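Every read-out reported here was derived from the displayed coordinates using simple, explicitly stated rules and does not represent laboratory data. Predicted model only: the values in this text are computed from it and were never measured. Cβ: placed from backbone, ideal geometry, glycine included. Neighbour counts: every protein chain shown.
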Amino acid sequence: MAFTEDQIKELNIEFKDAKPEEIISWAIEHSKNAVVTTNFRPYEVAILNAVTKVEQDIPVVWCDTGYNTPQTYAHAEELIGTLKLNVKLYVPRQTAAHRDVVMGIPGIDDPRHAVFTDQVKLEPFKRAMAEIKPDVWFTNLRKGQTALRDTLDIFSLSKDGILKVSPFYSWTDEQLDKYLEERKLPNEHRYFDPTKVLENRECGLHI
């Protein structure tokens, strides 16, 4: 399944006011091999719940940096169990303990920061995509998170031509809070991304 930029624009117009489940159902119907990615950060439970309600066995790619908080790991275990997630775990080729001795967590201005980001996030993600080869990629990107994400929409294309689908793209935190409350879904805000200094800095996967 390949889409042109004009087709993507048309899809975004067509589904502008659609409910997340409608967007997800359409994408699943038109996919051969869909995947959803997560890092179990705040509000990730929304996309995981919504997608698995439509396709229970969809692969859930979790690229664990090895630097998550205890709260995030506990949250992940809870969601994996309650939502019956088909998790495909990908981790860096070097343990966090080993890297702490060799490099630690470089600051944003440290020339080693790019190497660190590639090791803990980009390489595992590329490995996951190369092995699974999805044609549809569900993600919880939302408008207002970063400058780059403000240029995207519900539907966009990855640099590899994968159809990226962000069903909650226009939703605010308040709307998601209500969504989670109505469905009695847990959230967890004690999350740490070692590759980002500022909350509104792009993680690297969507560039």
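Modelled spin labels at residue 170 and residue 131, positioned 7 Å past Cα toward Cβ, are 3.8 nm from each other.
Taking every alpha-carbon pair under 8 Å whose residues sit at least 6 apart, the chain reaches a relative contact order of 28 percent. Taking the Cα centre of the chain as reference, the dipole from Cβ charges on Lys and Arg (+1) and Asp and Glu (-1) amounts to some 460 debye.
Only one item in (i) 51, 38, 30; (ii) 64, 52, 31; (iii) 57, 34, 31 matches Cα extents along the principal axes in Å derived from the coordinates shown, and that item is (i). Taking Cα atoms, how many degrees apart are the long axis of helix 20-29 and the longest axis of the chain, rounded to 10 and kept between 0 and 90? Orientation of helix 20-29: about 90 degrees from the principal axis. With the highest mean first, a sort of the peptides 55-67, 179-191, 74-86 on other beta-carbon atoms found within 10 angstrom per residue produces 55-67, 74-86, 179-191. Under a cut-off of 25 Å between alpha-carbon atoms, report the lysines in cross-link reach of residue 19, not counting same-chain residues fewer than 8 places apart. The qualifying lysines are 9, 32, 53, 84, 143, 164, 178, 184.
Provide the percentage of antiparallel DSSP beta bridges, counting only those with both residues in the chain; round to the nearest 5.
Numbers: 3 of 17 bridges.
Antiparallel bridges make up about 20 percent of those DSSP assigns within the chain.
Only helices enter the 222 nm calculation for the chain: every DSSP H run of n ≥ 4 contributes -39,500 (n - 2.57), and dividing by all residues gives -10500 deg cm²/dmol, rounded to 500. Using Cβ point charges alone (K and R +1, D and E -1), the dipole size of the range 77-118 about the Cα centre works out to roughly 240 debye. Would you mind checking the tilt of helix 5-14 against the longest principal axis of the Cα atoms of the chain, expressed as 0 to 90 degrees and rounded to 10? Long axis of 5-14 versus the principal axis of the chain: about 60 degrees. Between residue 190 and residue 73, the simple spin-label model (points 7 angstrom out along Cα→Cβ) gives 1.3 nm. Taking label points 7 Å from Cα along the Cα-to-Cβ direction, residue 87 and residue 180 give a separation of 1.8 nm. Within the straight-line cut-off of under 12 Å between alpha carbons, the aspartates and glutamates reachable from residue 196 are 109, sequence neighbours fewer than 8 places apart in one chain being disregarded.
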